[in-house]
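The values are calculated or read from the model by the stated rules, or taken from the named source; none is laboratory data. What you see is a predicted model, and the numbers here were worked out from it, not measured in a lab. Virtual Cβ from ideal backbone geometry, glycine too; neighbours counted across all protein chains shown.
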Amino acid sequence: MSEGPNDPKKDPEQKPPAEQLEELQASDEELSPKELFAKTSHIGLLMAYDLIDKLRYWEKETLKLPDDEVPVRLAHLVKSVDQLRDAYLTFADLEF
């Protein structure tokens, strides 16, 4: 069975995925296209798992709030989900 991405919260040496991506993009290290693809894919998986954790936490905490405080978070959530939909559609529409 394959392992999922490392959880930066469990491994203090692990940098956040956004920081890993910035370092990979700025790196002068010579990587083969397959190595670069694998590293980039791994970072994308870390970001996706982190986003799921954040959404679950935000939902749990928001549903504890009084009804009059929820609309502020709802507006941010709707905007974020719309951006996520755009990213999903861009990725899902692979043209080779």
Verdict on K64 being assigned to a loop (DSSP other than H, G, I, E, B) and modelled with pLDDT of 95 or more | yes
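Quickly run through the range 54-70 and pick out the residues that are more than 19 Å from P17 (Cα to Cα) and surrounded by 10 or more Cβ atoms within 10 Å (Cβ to Cβ).
Just the residues of the range 54-70 that are more than 19 Å from P17 (Cα to Cα), to begin with: 58-70.
Within the range 54-70, W58, E59, E61, T62, L65, E69, V70 meet the criteria.
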Scanning the range 36-52 residue by residue, the ones that are surrounded by 12 or more Cβ atoms within 10 Å (Cβ to Cβ) and either outside any helix (DSSP H, G or I) or of a type outside the set (A, V, I, L, M, F, W, C) (or both) total 6
